[in-house]
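Worksheet: the structure to be examined is printed underneath.
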Amino acid sequence: MSADTRPRLSETIGRQRRSFRAWRGQRPYWAGLLTLLAGIPIMYIPYANLTIGSLTVRMATTAGAGSLIIGVLLVVLGLTMWFQPASRVFAGVAAILLSLVSLVVSNFGAFLVGFLLGLIGGALAVSWAPGKPGRAEAAEDTDGPRGRADDDADGFDAFGGGRPAAAGAGGSRGVLDDLSGKSPTNGTNGRHRAG
């Protein structure tokens, strides 16, 4: 085997980076990461000792076991967001609720660090939606005579997508009756001018 036939390190790293990017794009990656990171300070700080000179201060509370359970659950919910993206809404709501409970149980949510990370991660998980397929994938999934995968039978585009609906869409009414605010003919946010 010569040096020319072996894959180069830069090609291997580039391929791994592209595959990780594709994996990351199919799930709420940042929501899972923030939720996972929220669990670490929540379960660590109640058991930590702070040493200032010869003085040792224990951060332990009476609910140390509760904060350990909350922290472990947040880590598990973060991993759930990564590996089970279909249950992202449940995991996000559970992360928000556990973060709120950590305010009371775990030293103000690990001094607000774990609380804020869990709250933001849970909110990102609830609001995340899978992206639309790229142009190459959409071209493969065509099912209509116009070559568009997202066109309905009546030609109405529910999300706009920057394109006006076909003339006569939605029955006999047409584009001028569209009050969704997406048509340039009816002004801003679907409001007509008076007089």
Subset of the range 85-106 (residues that are crowded, with 22+ Cβ neighbours inside 10 Å and not hydrophobic (A, V, I, L, M, F, W, C)): ARG88, GLY92, SER99, SER102, SER106
Is at least one residue of the range 135-153 touching a helix residue (DSSP H, G or I) at 6+ places or on another chain (Cβ under 8 Å) and modelled with pLDDT of 80 or more? no
Residue pairs within 6 Å by beta carbon, gap of at least six or interchain, first lying in the range 81-101 and within 14 Å of ILE120 (Cβ to Cβ), second in a loop (DSSP other than H, G, I, E, B), listed first then second, are MET81/PRO28
All conditions in (1) at pLDDT 90 or above; (2) surrounded by fewer than 10 Cβ atoms within 10 Å (Cβ to Cβ) are true of THR5 except (1)
If you go through the range 107-126 one residue at a time, how many are open to solvent by 70 Å² or more (accessible area, probe 1.4 Å), under 17 Å from LEU68 (Cα atoms) and assigned to a helix (DSSP H, G or I)? 3
With the requirement that a residue be in contact (Cβ under 8 Å) with a residue 60 or more places away in the chain and farther than 13 Å from VAL105 by Cα, what does the range 45-56 give you? none
At pLDDT below 85 and on the phi < 0 side of the Ramachandran plot - does that describe any residue in the range 33-45? yes
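The values are calculated or read from the model by the stated rules, or taken from the named source; none is laboratory data. Remember, predicted model here, so these are calculated numbers, not experimental data. Reconstructed Cβ throughout: ideal geometry from the backbone, glycine too, with neighbour counts over all protein chains shown. The protein model used for the area step is the full one, side chains on, heavy atoms only, and it has no ligands, DNA or RNA in it. Shrake-Rupley method; radii C 1.70, N 1.55, O 1.52, S 1.80 Å.
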